[in-house]
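**Q** For reference, the structure I am asking about is given below.
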Amino acid sequence: MQRAEPLDEPVTGWARAPRRLRSRLWRPLPLAVLLLALTAGLAATLGTAAIPATTAIALVLNQLPFVALPVDGPAAWERIVVDVRLPRIAIAGVTGAALAYSGATYQGVFRNTLADPYLLGVASGAGLGAAVAIMSPLDAGTYGFGWVPLCAFAGAGAAVTLTYLFAHAGGHGASGGGSDTALILAGVAVSAVASAVTSFAMLTGGERAQPIFSFLFGTLNSANWERLLVGSPYVLLGAAAIVPYARVLNVLQLDEQQATELGVDVTRTKVVLLAGASLLAAAAVALAGVIGFVGLVIPHVVRMVYGHDYRRLLPLAAVLGAAFLIGADAVARTVLRPQEVPVGIVTALVGGPFFLYVLRARGGRA
């Protein structure tokens, strides 16, 4: 049986520093929010047309009631910032928060820090569901967005269920010695099948299949306020289902029998948490497509600095996940400007090496 790690056990980096040194970081959540605000402000200035920071900030603040700051520059800058960049930044933030929050939840439920919506096949399953919605005759709204979140949720739920069942086939328990390998391999297999079916749909779908490309690579170039308005309730619903279970996630890091003895209904709790995490992942896919590794990298970084307590981990992961994806999208649309790189490629370039580092570190401890 695998020994559960203590909830506040230091891991690496800053977490190894003395408590007095770490206390100098003050309260982590305000600092994370400040980082998010700075990243969003910088992203508003970057793009094909570089806009001075003071001008971009003034244009943003002018959208508030009773604010009328003087603005220097062409009138077109207001449209660029308010109608193009702000909704893109907002959707990137919501998507990054959803992916990091769901990734942290999956890791807590499976007691496996390698769990991630992308690696578990959940993102690919949600992408397949979104592709079905786009090509469905029930298409409504932009790219069938009215049906996309629902079908994406169905695909995400089916994917995580299959991954869990395949990983535990042959008697591998949740805490079995081969659970890490079994879970990741099962997720890779489910992801491969879902991606193959999605590719087949693109090959046979004709013109209706064109929008699916954006879901496969992850992109925010179709971001608008309407899309954010439609997709946000799914994110809020998924997060609301998980929030009351932050303390329970700490208990789940113990053996299931111990958690039951402490009064936790393990089966019901896992169902609720997996449903909430899958809804978050599905909403993220519906908003921005298949974007990998955000749910792996961000929770790991939070654990390195602030420990394993899910009451801190979940909100910090959400805020830092939002900042991370906003920054990644800013890089995606400026590194080869005027050409734009899909943001999923940027997150993969960061997350792939990080995943290999985590695998090596875990192998070394084993």
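**Q** Of the numbered conditions (1) at pLDDT below 80; (2) among the aliphatic types (A, V, I, L, M); (3) outside any loop (DSSP other than H, G, I, E, B), A58 fails exactly one; give the number of that condition.
**A** Only one criterion in (1) at pLDDT below 80; (2) among the aliphatic types (A, V, I, L, M); (3) outside any loop (DSSP other than H, G, I, E, B) is unmet by A58, namely (1).
**Q** Let me ask another. If Y164 meets every condition in (1) part of a helix (DSSP H, G or I); (2) in contact with a helix residue (DSSP H, G or I) (Cβ under 6 Å, 6 or more places away or on another chain); (3) modelled with pLDDT under 85 apart from one, which number is that one?
**A** Result: Y164 passes all but (2).
Results for (1) farther than 18 Å from A330 by Cα; (2) at pLDDT below 85; (3) crowded, with 18+ Cβ neighbours inside 10 Å, shown as yes or no for each residue.
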{"site": "R16", "(1), (2), (3)": "yes, yes, no"}
{"site": "L38", "(1), (2), (3)": "no, no, no"}
{"site": "L42", "(1), (2), (3)": "no, no, no"}
{"site": "I51", "(1), (2), (3)": "no, no, yes"}
{"site": "V67", "(1), (2), (3)": "yes, yes, no"}
{"site": "V82", "(1), (2), (3)": "no, no, no"}
{"site": "R85", "(1), (2), (3)": "no, no, yes"}
{"site": "I91", "(1), (2), (3)": "no, no, yes"}
{"site": "A100", "(1), (2), (3)": "yes, no, yes"}
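**Q** Next up: Can you tell me which residues in the stretch 322-350 are more than 11 Å from I291 (Cβ to Cβ) and assigned to a loop (DSSP other than H, G, I, E, B)?
**A** R333, T334, V335, L336, R337, P338, Q339, E340, V341
**Q** Which of the residues spanning the stretch 301-319 are touching a Ser or Thr at 6+ places or on another chain (Cβ under 8 Å) and buried (at least 24 other Cβ atoms within 10 Å of the Cβ)?
**A** R303, the sole residue that qualifies.
**Q** Pick from the stretch 168-199 the residues that are hydroxyl-bearing (S, T, Y), under 21 Å from A158 (Cβ atoms) and surrounded by fewer than 19 Cβ atoms within 10 Å (Cβ to Cβ): which of them is modelled with the highest pLDDT?
**A** So, considering only residues that are hydroxyl-bearing (S, T, Y), under 21 Å from A158 (Cβ atoms) and surrounded by fewer than 19 Cβ atoms within 10 Å (Cβ to Cβ), the one modelled with the highest pLDDT is S195.
**Q** Still on this structure, please answer the following. Find the residue count for the stretch 266-288, including only residues that are under 18 Å from A158 (Cα atoms) and in contact (Cβ under 8 Å) with a residue 60 or more places away in the chain.
**A** 15
**Q** Determine if the stretch 262-285 includes at least one residue that is part of a helix (DSSP H, G or I), surrounded by fewer than 17 Cβ atoms within 10 Å (Cβ to Cβ) and among the acidic types (D, E).
**A** no
**Q** May I ask you to list the residues in the stretch 24-36 that are closer than 28 Å to V341 by Cβ and either of a type in the set (D, E, K, R) or exposed (fewer than 15 other Cβ atoms within 10 Å of the Cβ) (or both)?
**A** If the condition is that a residue be closer than 28 Å to V341 by Cβ and either of a type in the set (D, E, K, R) or exposed (fewer than 15 other Cβ atoms within 10 Å of the Cβ) (or both), then L34 is the only one that fits.
**Q** Only one residue in T45, T55 is in contact with a Phe, Trp or Tyr (Cβ under 9 Å, 6 or more places away or on another chain) and among the β-branched types (V, I, T), so which one is that?
**A** T55
**Q** Which residue is modelled with the highest pLDDT, if the candidates are limited to the stretch 209-260 and must be among the charged types (D, E, K, R) and surrounded by fewer than 16 Cβ atoms within 10 Å (Cβ to Cβ)?
**A** Out of the qualifying residues, it is R247.
**Q** Consider L42 carefully, then state whether it is among the hydrophobic types (A, V, I, L, M, F, W, C), touching a Leu at 6+ places or on another chain (Cβ under 9 Å) and assigned to a helix (DSSP H, G or I).
**A** no
The values are calculated or read from the model by the stated rules, or taken from the named source; none is laboratory data. For clarity, every value in this text was computed on a predicted model and none was experimentally measured. In this analysis, Cβ positions are derived from the backbone assuming ideal geometry, glycine residues included, and neighbour counts consider all displayed protein chains.
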